[in-house]
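A quick write-up on the structure given underneath.
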Amino acid sequence: MSAKVLTVASTKGGAGKTTIVMALAGTLAAEGLRVAVVDADPNRAYASWAEAAYEGAPVAVRAEADEARLAEAIDELAPAADLVLVDTAGFGNRAALLAVAAADAVLIPCTPSRADVEQAAKTLQLVEGTARAARRAIPARVVPSRLKHATAVSRHAVGELDAAALPRTDAGIGDRVAFAEMTFSGRVPAAGDAGQEIAALVAELRGLGWLPAAARAKATIARG
Ligand SMILES: Nc1ncnc2c1ncn2[C@@H]1O[C@H](COP(=O)(O)OP(=O)(O)OP(=O)(O)O)[C@@H](O)[C@H]1O
Ligand SMILES: [Mg+2]
């Protein structure tokens, strides 16, 4: 079976795309899945972190910001991977549109601010437009990101997503020191609140069929 391709995109910069890619890639690689990341951001935030800081189970990494070569990079990694995650720059960058076109599903991180909620709606429209152009469905969900859990502003932002009927994950990512520390330590949080949030997101994405089955379950299926 070919790899699933999951693209993380947002028209808004700093929404938490790379953070979510780091956390998902590290967590799923630790499970024993074969994970590849295509870094389509010309700033190479993921790729340079992977080279200089990442400590965890191996993840195959390709930096490819040239939109003409992006689909090829995904195709090259896919045969040896269970999952290809694509990290993108903002939508000013055409590579992000191609990464959406190549995706089985798209995650759109959204921080609790009015501007971000508006941009999440715009990103969803761009995904829908890309899906229409490609004449196939490309499912997408907003992932509430950098939530300050106890605050009214976070609840309000999530309420705004729901009021605008934007499809979102129930699992959200908190604004947590552990995620900021990960960028220096190279260690993806596996425990504590941050670890639980990532585990909940993984479980929800699996429920949607957007992630491959857990490695252990796969081994059982293969033996049976
Ligand atoms: N959940 C979080 N908790 C704490 N810090 C976070 C969290 N998410 C993101 N950050 C921090 O916010 C900054 C921007 O996050 P990140 O790089 O993931 O966003 P991005 O959407 O990839 O940005 P860009 O559009 O520039 O690629 C980084 O310094 C990151 O460490
Ligand atoms: Mg980024």
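The values are calculated or read from the model by the stated rules, or taken from the named source; none is laboratory data. Here the structure is a predicted model, which means the values were calculated and not measured. Reconstructed Cβ throughout: ideal geometry from the backbone, glycine too, with neighbour counts over all protein chains shown. To get the accessible areas, we keep the full protein, side chains included, count just its heavy atoms, and leave off ligands, DNA and RNA. Shrake-Rupley method; radii C 1.70, N 1.55, O 1.52, S 1.80 Å.
Under the rule a/c < 1.5 gives rounded, and otherwise a/b versus b/c splits prolate from oblate, where does region 4-209 land using the Cα gyration tensor? Judged from the Cα gyration tensor, region 4-209 comes out oblate (a/c at least 1.5, b/c at or above a/b). Look at the alpha carbon pairs under 8 Å that are at least 6 residues apart: their mean separation over the length of the chain gives a relative contact order of 25 percent. Placing pseudo-labels 7 Å out from each Cα toward the beta carbon at ARG206 and ALA68 gives an inter-label distance of 4.2 nm. With both labels modelled 7 Å from their Cα along Cα-to-Cβ, the THR151 to ARG136 distance reads 4.0 nm.
Each part gets one Cα centre, and for region 176-195 versus region 1-58 those centres are 14 Å apart. A simple spin-label model places pseudo-atoms 7 Å from Cα toward Cβ; at ASP75 and GLU118 they are separated by 4.0 nm.
Under a 5 Å amide H cut-off, with hydrogens placed 1.01 Å from N, VAL86 pairs with LEU6, THR7, VAL8, VAL38 among residues at least 5 apart or on other chains.
For region 4-209, what does the accessible surface come to per residue with a 1.4 Å probe? Please give it in Å².
Result: 44 Å² of accessible area for each residue.
When the accessible area of the chain is split by element with a 1.4 Å probe, what percent falls to carbon and sulfur?
On the way: 5590 of 10390 Å².
Carbon plus sulfur share of accessible area: 54 percent.
Our helix-only sum for the chain, with -39,500 (n - 2.57) per DSSP H run of n ≥ 4 divided by its residues, gives a mean residue ellipticity at 222 nm of -15000 deg cm²/dmol.
Note on region 4-209: dipole from Cβ charges, positive end direction compared against SER154, ALA60, LEU77; the farthest Cα belongs to SER154.
Work out the FRET efficiency for ALA165 and GLN196 from their Cβ-Cβ distance, taking R0 = 25 Å, and round it to the nearest 0.05. Can you show the working numbers first?
Values: r = 28 Å, r/R0 = 1.11.
Efficiency, rounded to the nearest 0.05: 0.35.
Applying the Karplus relation 6.51 cos²θ - 1.76 cosθ + 1.60 with θ = phi - 60° to region 137-152 yields 3J(HN,Hα) values of 7, 10, x, 9, 9, 6, 10, x, 10, 6, 6, 9, 4, 7, 8, 5 Hz, where x marks Gly and Pro.
Between amide H atoms placed 1.01 Å from N, distances below 5 Å from ALA63 occur with ASP39, all of them 5 or more places distant or on a separate chain.
Looking at the square roots a ≥ b ≥ c of the eigenvalues of the Cα gyration tensor of region 120-191, which shape do they give, rounded for a/c under 1.5, prolate if a/b is larger than b/c, or oblate? Oblate is the answer for region 120-191, as a/c is 1.5 or above yet b/c matches or exceeds a/b.
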